[in-house]
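Below is one structure, written out as structure tokens; the observations come after it.
What follows draws every value from the coordinates through simple rules; no lab data is involved. In this text, all values refer to a predicted model and were calculated from it rather than measured experimentally. FYI the Cβ positions are ideal-geometry reconstructions off the backbone, even for glycines, and counts take in every protein chain you see.
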Amino acid sequence: MHILTTLTYYRPHYSGLTIYAERLAHALVERGHQVTVLTSRYDLNLPARENRDGIQVIRPRVLMHVSKGVLMPTMFYWAWVNIRRADVVYLHLPQLDAAYIALISRLLKKPVVLTYHCDLLLPTGLIHSIANQVSHLANKIALGLANQVVVNTMDYAEASTFLHHYLTKISAIPTPVELVTPSQADEQALALKAKLEPGQRIIGMVARLASEKGVEFLVEAMPDILKKHPTARVLHVGQYQKVMGEEEYTNKLQPMLQALGDRWTFLGILSPEQLAAFYRLCEVTVLPSTNSTESFGIVQLESMSCGTPVVASDLPGVRMPVKLTGMGRLVPPADAHALAEGISEVLEHPERYGGDVNEVIERFSPQCIAQQYEAVFQRVIDRK
């Protein structure tokens, strides 16, 4: 089948949503389907069209950025052209363009499936407030027009005041996880990059430097952790410079991070090989997210698939990887003291948080997830 996938940002942009979309697209292509990705040319250095690992990527030019969203005047044209060729239209929300793409699809009698990844909660301010309201309206229209809605967990959907109205058309498919096997050279390169020293207790975090990720609570937890584990150190993977919409948050954190000195090290965005080596290096990884912009936390499963336990916020959806596998601790969100206790507990008793790594890898593999999506796509096509 020909699947048209639309989302605001695609690779090489780095976020949980783009990684999800890329892994699923690759797996669908491997299963014999044709996948076209319609996304934004958020960086003019990117090609307007390219074949990226068997996936046709089309990027309409961005006229301007509005908070974390973009305005693309030619997106309507490219959507119309490509929807006509598709068997099914697959949207990733949140997405400002989702409403009219879903409407065009229904006018052209094409079935619509969408994955609702998370809520969009922007900072205060007039522009952010307008963008938030527009996105909310676009999501509401798209959800109403969709034939099928997919979420990572029903736990998140049932707790959401927004999704609660659409439960009859919602099904749960978890996020795909895929990590390469690092070589010894990859592990050595990462150790050199991180300037590791013998005896250090490594705490890992994989996230953009964004307010919803709760970075400040791990920063605030470090003094308590260091009292019990004086050699503890945080290695932070992900974009930490020039994160769109997070300039104020970054400036707020800088003095706190500087006070920690070499106990907090930013590694930036790692290659797939170095990322897998990173998870194996860590004794525990942390996901201290604070609100419903986090609906699952793909990094938890990546960590668990490498045998590394997790300490995560006890939030709808976010808590499910730990509950499903037993490989970690849940703590109240936005509570630095509880976070410190949870991390110290895992560092002191790692044997309590082991799990079946092979089951995690098999259950959440891109091929397994793609097979579930394939069934959903076929079902809505048959209904049409």
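Couple of notes before you dig in:
- For the stretch 1-74 versus the stretch 76-102, the gap between their alpha-carbon centres in whole angstrom: 12
- Sorted fewest first by neighbouring Cβ atoms within 10 angstrom, VAL286, VAL177, VAL376 come out as VAL376, VAL177, VAL286.
- Förster radius 22 Å - calculated FRET efficiency between THR168 and ASP314, Cβ distance, rounded to 0.05: 0.20
- Near-label residues of the stretch 26-62 by backbone N, under 11 Å of a point 7 Å along Cα→Cβ of THR74: 41, 48-49, 59-62
- Computed helical MRE - 222 nm, the chain, DSSP H runs ≥ 4 contributing -39500 (n - 2.57), nearest 500: -13000 deg cm²/dmol
- Most fluctuating residue given options GLN95, GLN254, GLN34, as computed from a GNM of the chain linking Cα atoms under 10 Å: GLN254
- Cα-based shape type of the stretch 235-310, given that a ≥ b ≥ c are square roots of the gyration tensor eigenvalues and the cut on a/c is 1.5: prolate
- Computed from label points 7 Å out along Cα-Cβ, the spacing between MET256 and ARG31 is 4.1 nm.
- Backbone N under 20 Å from the ILE381 label point (7 Å along Cα→Cβ), restricted to the stretch 45-88: 54-57, 80-88
- Computed from the alpha carbon atoms alone, the convex hull of the stretch 21-104 holds 100 Å³ per residue.
- Candidate values (1) 134; (2) 189; (3) 126, label of the one derived for volume of the Cα convex hull per residue in Å³: (1)
- Neighbour counting of Cβ atoms within 10 Å sorts the residues SER305, SER271, fewest neighbours leading, into SER271, SER305.
- Remark: relative contact order (the chain) = 15 percent; criterion is Cα-Cα distance under 8 angstrom and separation of 6 or more residues.
- Pairs from the list LYS213/LYS323; LYS193/LYS252; LYS109/LYS169 with a Cα-Cα gap above 24 Å: LYS193/LYS252.
- Those residues of the stretch 47-64 whose amide nitrogen sits under 17 Å from the label point placed on VAL81, 7 Å along Cα→Cβ: 47-52, 56-63
- Taking the number of Cβ atoms within 10 Å of each Cβ as an exposure proxy, the fewest-first ranking of ASP335, ASP224 is ASP224, ASP335.
- Helix 184-194 vs. the chain, principal-axis angle (Cα, 0 to 90°, nearest 10): 70
- Three-way shape label, the stretch 145-215, alpha-carbon gyration tensor, a/c 1.5: prolate
- Cα gyration tensor category, rounded, prolate or oblate, for the stretch 184-363 with a/c compared to 1.5: rounded
- Its Cα centre serving as origin, the chain has a Cβ charge dipole (Lys and Arg +1, Asp and Glu -1) of approximately 1420 debye.
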